[in-house]
Amino acid sequence: MEFFNKIFVYIAQFIRETLAALGFTPVWVEMGMGTVYLVAILGVCTLAALFYVLWERKLAGYIQYRPGPNRLGPNGWFQTVADAIKLLTKEDIVPCGADKAVHLLAPVFIFVPTVLALAVVPFGEGMAAIDLDLGIFYLIAVTSLSTIPIFMGGWGSNNKYSLLGAMRAVAQMVSYEIPLVFSLLGVVLITGTLQLQGIVEAQSKVWFVFLQPIAFLIFIIAATAETNRAPFDLPEGESELTAGIYTEYSGMKWALFFLAEYCNLFIVSAIGVTVFLGGWQGPFLPSWVWFFIKTHLLFSFFIWIRWTFPRIRVDQLMNFGWKFLVPLSLANVFITGIGVYIYYNGLGW
Amino acid sequence: MKTQTYTLNLGPQHPSTHGVLRVVLELDGETCVGSKTHVGYLHRGIEKILEDRTYPQVIPYTDRLDYLAGINNNLVYVQTMEKMMNIEIPERAEYIRVMLAELMRIASHMVGIGIYIMDLGAISAVFYPFIEREKILDMMAHLSGSRMTFNYMRIGGLAHDIHSDFKPELDKFIVEFPRFIEDYHRLIDDNEIFIARTKNVGTITAEKAKSYGLTGPNLRACGVKHDIRKTNPYGIYNRFDFEVPVGEIGDCYDRYVVRMKEVEESFKIIQQAYKELPDGPVMAKVPKLIKPPIGDVYHQTENPKGVLGCYVVSDGTPKPSRVHFRRPSFNNISIFDEIFIGHKIADIIAILASFDFVLGEVDA
């Protein structure tokens, strides 16, 4: 049991010891380990995207009384592979008048914040590539970077729909960053640490979703908006802006955007699990299995929301963010602060 | 800060223009400050073609007008011809016509509502009405051999009597349909986002609606109780007990509500007609060569999209001298340019979707 719990930790240790035994200097050992972590993260990232693209289509199928993809491989599970091959072999179209460099770089850059964010996510007990002291702060900082490639894509396409989508994306992601940060701040106040492992360990008795239910709700809403998923999929707005920022993208460049969307959703699910749902903690099963089960459930919840709700309008989105979510999250931080103060200092009379 | 407006060409290839409508929008940021609707991308010259067809040959062309409710288009033409030639048609044929017309009204509204909610962003909501529509289309396919272009009605009655499969299928539909209505109301009616997106969006006053010649659910949503089936009953519609639902302020939400209620009323008519369905022939005695007397006739019926009028001029030959259709979708969309002003792009999509127009009918 203990062995399975720490299997990945042991593997990492084994690689580290092997590298050291081969006579590398500590600097080179660290460099080697960095590469190993990067490969592992990219593996998790790609596998998660491949799996969840199909899982979303399946789940949407169940919601809509249809089987979903079921032709290729056992029960359709190879569909994404076939789609990827198709997209790879498609012609790469750059619209004339597009800013070629920006248009080309946007789908590459969109992966940078994704990979950076996964570096600190604790996948299990002792299973974070880097356990930063400023974990949450770092996460928020790097995930907010994903606004830039989306704006690049919308601007560089030289298409009015894309430009509209890009304008919406920036407005939306900047507005919803604030409630997202405040919702996490409540938890930080309680634990007194920004370190993700520390936050997970603080939840050994009670998950923070029970101590911070409002923050959890705000987090879910803001995370949906941050990842541009329905009902906040305004930048894409299939029925309004045809595909918004993705209108002029085809083939593999579009696929990269698509994969990044799923990776980002995987990351916000992972953050949600880590901060509110007890992270990798759970009985009987190894810690990393618990982590993936919880992330999977939260991810499926996001899919359920997407396939149920209509899209909201851009002014309503802004009103909801600034006039409702921000004050509510501020109030939540304020009340949590008072609660924490009373818990540690007593009422003082 | 100096800002300037820009032009956005919405359509003819756009997922929310329901075909090939083209709206040229003048936008200030996201807000519409000017709009011009262009039609004609699906023009097939049906009315001109009909001048070179014999009277029975006209029927299949009517299927292609509002292709979501082909039977209703058949109906208006054959009734015009019967009016012109003073043909009395058998009771059984009249009842079957009413049943089929109301079934197709339900099918058409299922598309209208489903696509409407889908264009607002809730993609799943299109699938549930389409399942019900599919049952009706299957029924019609077994009956006429075609899913959408039926060519089932004839001048003087019907092509043939209903098939033996039809009754069990209709029984099944009558049992299953109320449950769908209930579920769909639960899914959509109180959805906060749906209400926020549709309430007070695209509001049309009764006067304005009348002045633009709006008909059908779009007119009734504005509070005008106008339904040809009630005000000027054709066929045997005066024998059935049904209500004409109206809205209050004529916004997008009212248009949804009116369509949903109309579906229930149509369902009531189907049940009544099905219960009273008499036996007998389905075709009256009609001369082999149809040669109506010289003259012209105008007749109109209440189609799912509004009032469909048919004007036929006869010069005494076996071919019509002129056939004209008053297509409700064409008149309905004429109001777009006025009500778009001041709305956001997302609202424009909601208004487009809530009008439930069919380009086959707009362009003819």
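The values are calculated or read from the model by the stated rules, or taken from the named source; none is laboratory data. Keep in mind the model is a prediction, meaning the values are calculated, not measured. Backbone-built Cβ (ideal geometry, glycine too); neighbour counts: all protein chains shown. Heads up: the accessible areas ignore ligands, DNA and RNA and are worked out on the full protein's heavy atoms, side chains in. Shrake-Rupley method; radii C 1.70, N 1.55, O 1.52, S 1.80 Å.
Which value, in Å² and to the nearest 10, is the accessible area of B:His185 when all protein chains are kept and the probe is 1.4 Å?
Roughly 50 Å² of B:His185 is accessible to a 1.4 Å probe.
So how much accessible area does A:Val27 have, in Å² to the nearest 10, using a 1.4 Å probe?
100
For the range A:103-137, which chymotrypsin sites (Phe, Trp or Tyr not before Pro) are in a loop by DSSP, counting at most 14 other Cβ atoms within 10 Å?
Hits after loop and neighbour filter: nothing returned.
Where in chain A are the DSSP H helices whose alpha-carbon span along the long axis reaches 18 Å or more and whose Kyte-Doolittle mean is at least 0.0? Present the calculation step by step, with values, prior to reporting the outcome.
Values: long enough: A:7-21 (21 Å, 1.27); A:26-63 (53 Å, 1.25); A:160-191 (47 Å, 1.29); A:213-226 (19 Å, 2.06); A:251-276 (37 Å, 1.48); A:287-306 (29 Å, 1.14); A:326-345 (28 Å, 1.18).
Result, helices passing both filters: A:7-21, A:26-63, A:160-191, A:213-226, A:251-276, A:287-306, A:326-345.
Measuring from centroid to centroid over Cα atoms, what is the spacing of the range B:324-364 and the range A:311-347 in Å?
So the separation of the two Cα centres works out to 43 Å.
For the pairs A:Lys100/B:Lys344; A:Lys86/A:Lys294; B:Lys230/B:Lys344; B:Lys210/B:Lys268; B:Lys2/B:Lys344, flag any whose C-alpha to C-alpha distance is greater than 26 Å.
Exceeds cut-off: A:Lys100/B:Lys344; A:Lys86/A:Lys294; B:Lys230/B:Lys344; B:Lys210/B:Lys268.
Would you mind calculating the relative contact order of the range B:84-160 from Cα pairs under 8 angstrom and at least 6 residues apart, reporting the percent as a whole number?
Relative CO of the range B:84-160 lands at 28 percent.
When only alpha-carbon atoms are used, what values of Rg and Dmax, in angstrom, describe chain A?
Expressed in Å, the Cα Rg and Dmax of chain A come to 21.3, 74.
Counting every Cα pair in the protein assembly as shown, what percent are over 36 Å apart?
52
Give me the angle, in degrees from 0 to 90, between the Cα long axis of helix B:127-144 and the longest principal axis of the Cα atoms of chain B, rounded to the nearest 10.
20
Express in Å², to the nearest 10, the accessible area of B:Asp296 obtained by rolling a 1.4 Å probe over the protein heavy atoms while all chains stay in place.
Per-residue accessible area (B:Asp296): approximately 90 Å².
What is the Cα coordinate range of the range B:6-363 on the first, second and third principal axes, sorted by size from largest, in whole angstrom?
64, 46, 33
Karplus couplings for the range B:2-11 from phi (6.51 cos²θ - 1.76 cosθ + 1.60, θ = phi - 60°), rounded to Hz, Gly and Pro as x?
Taking θ as phi minus 60°, the curve returns 8, 10, 9, 7, 9, 9, 10, 8, 8, x Hz for the range B:2-11.
Relative contact order for chain B using alpha-carbon pairs under 8 Å, separation at least 6, rounded to a whole percent?
Taking the mean separation of contacting Cα pairs over the length of chain B, I get 27 percent.
Taking the Cα centre as origin and putting +1 on Lys and Arg beta-carbons and -1 on Asp and Glu beta-carbons, what dipole magnitude results for the protein assembly as shown, to the nearest 20 debye?
Result for the protein assembly as shown is approximately 1000 debye, rounded to the nearest 20.
Ignoring any ligand, DNA or RNA, what whole percent of the accessible area of the range B:6-363 comes from carbon and sulfur when the probe is 1.4 angstrom?
Details: 6910 of 13070 Å².
Of the solvent-accessible surface of the range B:6-363, carbon and sulfur hold 53 percent.
Counting protein heavy atoms only and a 1.4 angstrom probe, how many square angstrom of accessible surface do chains A and B bury in total, to the nearest 100?
Using a 1.4 Å probe on protein heavy atoms, the buried area is about 2500 Å².
Amide H to amide H under 5 Å from B:Arg154: which residues, 5+ apart in sequence or cross-chain, H placed 1.01 Å off N in plane?
B:Ala159
Tell me, rounded to the nearest percent, the portion of alpha carbon pairs in the range B:179-246 spaced more than 19 Å apart.
The proportion of pairs with Cα distances above 19 Å equals 54 percent.
Expressed as a rounded percentage, what relative contact order does chain A have, with Cα pairs under 8 Å and six or more residues apart?
Once divided by the residue count of chain A, the mean separation gives 23 percent.
So which chymotrypsin sites (Phe, Trp or Tyr not before Pro) in the range A:39-90 pass both tests, a DSSP loop state and at most 13 other Cβ atoms within 10 Å of the Cβ?
Loop-located and lightly packed - A:Tyr65.
Each residue of the range B:68-82 in turn: what ³J(HN,Hα) in whole Hz from Karplus with 6.51, -1.76, 1.60 and θ = phi - 60°, glycine and Pro shown as x?
Working through the residues one at a time gives 8, 9, x, 4, 5, 6, 3, 4, 5, 6, 5, 5, 4, 5, 5 Hz.
Could you give the distance between the Cα centres of the range B:117-142 and the range B:183-251, to the whole Å?
Result: 21 Å between the Cα centres.
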